[in-house]
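The next block holds one structure in the form of structure tokens; read it before the comments.
The values are calculated or read from the model by the stated rules, or taken from the named source; none is laboratory data. Since the structure is predicted, the reported quantities are computational estimates derived from the model, not experimental observations. Don't worry about glycine lacking a Cβ; one is built from the backbone with ideal geometry, like all the others, and counts go over all protein chains shown.
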Amino acid sequence: MSEDRREAFYHDRVRQSGTYYEGFDLPSVEILLSLRYTHDVLQQACGPYLAQHGLSKSSVNILMLLRHGPGGGVQLHDLGDLLLVSRANITGLIDHLEEKRYVTRVVDAQDRRARLARITKRGEALLDDFMPLHYRNIKSMLQGLSEAEKTTLLFLLKKTRASIGRSVPALEQSAAAEFTIAQ
């Protein structure tokens, strides 16, 4: 498998400059770069057909959560937590979907202060048209991997996320201590 120009550029620079810094671990840095680059490649592959349908990855995610979640709707702050976006971002996303009449906001019967987002029939119809295309595209993008490779990759990505999650508290403490020392 050959590297493209951007991938080769960053990997060369990391190999050349990384050893200058204490704590440098080439395999770890290469994994990070590869994950970020893979994310970019995926976004570039999905972006055009999402845009043709007037969608973003977050708006598709919201519509799927609303359609396949609780029937009464989902509170906006819960959507924000599930999507890992700020409250302001979720409001903007819902505003956009509401303008297109894919989503509606309603008062939560359990908590009159809260607002629920609900998918509309128009939003459901959009998903019915869009999701088969999306799933075909995903399958096509990953056709170069065997089922065993997909299983292994999925396992390794989950393990990577768990490793990162366990290290975050230590990273925050370490960074705070080093910043205090440096001042």
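A few comments on the model shown:
- Lone qualifier among R136, R118, R161, R112 - being surrounded by 12 or more Cβ atoms within 10 Å (Cβ to Cβ) and charged (D, E, K, R): R118
- Residue check, S17 at pLDDT below 90, among the polar types (S, T, N, Q) and surrounded by 10 or more Cβ atoms within 10 Å (Cβ to Cβ): yes
- Odd one out for H134, checked against (1) without any contact (Cβ under 8 Å) to a residue 24 or more places away in the chain; (2) closer than 30 Å to S34 by Cβ; (3) not hydrophobic (A, V, I, L, M, F, W, C): (1)
- Among the residues examined, L50 qualifies as touching a Lys or Arg at 6+ places or on another chain (Cβ under 7 Å) and among the hydrophobic types (A, V, I, L, M, F, W, C).
- Scanning the range 110-132 finds one or more residues that are part of a loop (DSSP other than H, G, I, E, B), polar (S, T, N, Q) and under 21 Å from S59 (Cα atoms).
- Tally of residues being surrounded by fewer than 17 Cβ atoms within 10 Å (Cβ to Cβ), at pLDDT 95 or above and touching a helix residue (DSSP H, G or I) at 6+ places or on another chain (Cβ under 9 Å) across the range 68-103: 2
- Of the helices (runs of 4 or more DSSP H) lying entirely inside the range 1-104, the ones with 1 or more residues being under 18 Å from H134 (Cβ atoms) and of a type outside the set (A, V, I, L, M, F, W, C) are found at 26-52, 57-68.
- Scanning the range 133-148 for residues that are of a type outside the set (A, V, I, L, M, F, W, C) and part of a loop (DSSP other than H, G, I, E, B) yields Q143, G144, S146.
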